[in-house]
Amino acid sequence: MSELLQSVKEFLAHRFNLKDDQADESVVINSIQKNIEFKGVNLWTLIFAIFIASIGLNVNSTAVIIGAMLISPIMGPIMGIGLGIGINDLELVKKGARSLLFATLIGIVTSAIYFSITPLHEAQSELLSRTSPSVWDVFIAFFGGLAGMVAASRKEKTNVIPGVAIATALMPPLCTAGYGLAIGNWYYVLGALYLYFINSVFIAIATYLMSRYLKITKKQFEDENVGKRLTRYMLIIVVITFLPSIYLAYKIVNKNIFESNAQKFIKEQFIFPNTQVVTKSFVYDNPDKSINILLFGEQLSKNKIDSLNKNLAQYELKDTKLSIIQGLKARQQIDLNQIKTSILQEVYAKEANGDTTHRTNRKAPVPPASGKILSPDSTVLKELKVLYPDIQNFGVGKMIIQHVNKSATDTVEIAIADFKSKFGLKETRKLQSLLRLRYQSDKLKLVVQ
C-alpha cells in the first residue's frame, strides 16, 4: 500500500511540477517590476485602452471590449503588489500601490470625459453587467491571478497573460465607473469600483500565494512585527472584499430562480384563445416580488385572475404579487411602440400561410344591398387607436360576392381601414393577421385606403 501511495505521489509531483522551464528569480522579479510604473509606452497604452474600452461599452461591442483588455497594462502594478507581499519587498508593494492608484484615477477621469461628450448615453448590456459583481468574480480573479503568475515565471512566454487579462476584465469596470460619474449615477460608480476592487485584490492574493508556492526568495524584515502586520492587513482586506460578494451572489441566484419560475408560470398558465401576453416584467426586491403582465385581446374575468393567483404557489411564487394590465389601462404605463411591435411580430410569426393582401389607392368598393357593414367591436377599435394613432376610419362587415363566370356567390368578411399616412404592404399583412386572430376568422380580408 505504501508503494502505491509513493507511486501516486511521484506521478502527481511529476505532472504538477512547475520547476521545469521556470525562469530565474531575478528575471521573474525584473519582468514584473518593469510593468509596474506608468510612464512612456505604458501610460500611452493605458490611455488608448481606456478609450477603446469606453467606446466598446458605449456601442455594446464585446469584440472591442476584449481588444481593450488585451492591450491594457493595468495588471502590472497589481501583480507587483502581490509579488512584493510574497517576497517581503515593501518598496515594491508601495510602488505598485502608487501606480495602481494613478492608473485608477486616470481610467475614471478619462472614461468620464469620454462619456460626457459622446452622443450615446444609454447604458447597454455590456456596461450594466459590470455594475453587479458577485462571488464568481472573486474566483475568476483568483484563478486568473494564479495563471498569470505561473505564466510570468516561465522562461518562454505563452498566451496565458492575454487570456488572464480577458478573464479578469480590469479595464471595463473602471470605465463603467467613469460612465456612472459622467451621468451622476452613484450605483453604477460603486458597483463597478467594487468589481474592480475584487479583481485587483484577488489577482494580488493569487500572485502572492503562487510566489510562495514557487519559493521565490524572501527578504528579511529587520522588525518581525512588520511582516505580521502586513499579513494581518492582507487578511482583513481579503475578508472585507469577499463577504459582500457572497451576499450579492446569493441575491443573484435567488433572482435567477425567481425569474425562471415566473417564466414557466406565464408559459404554462397564460394560454388563452383570444388573449395574448404582450409584455412581461419581473421585480425581485425582497420582500416584495411581483410579476407584471400586459394582455391584449379579450379581458380575463376576475374569477380567472383569482385562479391564476392561486396557481402561483405551484411554481414556488407564493409570496409574489401578480399584476395584470388589460385593455386601455396599459396606455399610461407601457410604451405603445413596444406594444405594437410585440403584438404584430408574434401574430405574424404564427400566421405561416396567410393570404396576400393587396394595397389599393382607390376607394373601397361599396357592398351591395344584400351585404351589411357591421360596427366593429368597441374594444378592438380602441385597441387599434392605441396601436395605430394615424387610423381615421375602421369598419368590419360581411360582403356577398358574385362570381363573374359562375352563378355561385360567396360571403366574405372584410375589414376596411383608413390611415392618414402611407401604410405599406408589410404592415397591411401584419394588421390583417392581427384582425384574423382577434375576430377568429382565417378568411377575413383587409382593405387599406
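The values are calculated or read from the model by the stated rules, or taken from the named source; none is laboratory data. Since the model is a prediction, treat every value here as computed from it, not as a measurement. We place every Cβ from the backbone using ideal geometry, glycine too, and count neighbours over all the protein chains shown.
Computed quantities for the displayed model
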| read-out | value |
| --- | --- |
| Qualifying residue in region 164-183 (condition: free of Cβ contacts under 8 Å to residues at least 24 places away in the same chain and either of a type in the set (A, V, I, L, M, F, W, C) or surrounded by fewer than 24 Cβ atoms within 10 Å (Cβ to Cβ) (or both)) | no |
| Flag if Leu90 is more than 22 Å from Thr176 (Cβ to Cβ), touching a residue at least 40 places away in the same chain (Cβ under 8 Å) and surrounded by fewer than 17 Cβ atoms within 10 Å (Cβ to Cβ) | yes |
| Test: residue in region 119-142 that is at pLDDT 85 or above, farther than 28 Å from Asn185 by Cβ and of a type outside the set (D, E, K, R) | yes |
| Pairs where the first residue, in region 29-50, is on the phi < 0 side of the Ramachandran plot and assigned by TED's automatic domain parsing to the domain that holds Ile66 and the second is among the basic types (Lys, Arg) and in a helix (DSSP H, G or I), C-beta under 6 Å, 6+ apart | Ile36/Lys95 |
| Residue among Ala192, Ala204 that alone is within 30 Å of Asn17 (Cβ to Cβ) and either of a type outside the set (Ser, Thr, Tyr) or without any contact (Cβ under 8 Å) to a residue 12 or more places away in the chain (or both) | Ala204 |
| Some residue of region 382-392 being modelled with pLDDT of 75 or more and in contact with an Asp or Glu (Cβ under 8 Å, 6 or more places away or on another chain) | yes |
| Unique match (being assigned by TED's automatic domain parsing to the domain that holds Leu190, assigned to a loop (DSSP other than H, G, I, E, B) and either polar (S, T, N, Q) or more than 26 Å from Gly86 (Cα to Cα) (or both)) among Ser132, Ser111, Ser116 | Ser132 |
| Identity of the residue in region 207-231, free of Cβ contacts under 8 Å to residues at least 60 places away in the same chain and part of a helix (DSSP H, G or I), that ends up nearest to the chain's Cα centre (by Cα) | Thr231 |
| Boolean, Val150 is under 21 Å from Lys34 (Cα atoms) and either charged (D, E, K, R) or in a helix (DSSP H, G or I) (or both) | yes |
| Matching residues in region 14-25 - criterion: being assigned to a helix (DSSP H, G or I) and exposed (fewer than 10 other Cβ atoms within 10 Å of the Cβ) | His14, Arg15 |
| Residues within region 423-449 that are surrounded by fewer than 18 Cβ atoms within 10 Å (Cβ to Cβ) and touching a Lys or Arg at 6+ places or on another chain (Cβ under 9 Å), tallied | 5 |
| Selected residue (only one of Gly178, Gly145 is on the phi < 0 side of the Ramachandran plot and either touching a His at 6+ places or on another chain (Cβ under 9 Å) or modelled with pLDDT of 90 or more (or both)) | Gly178 |
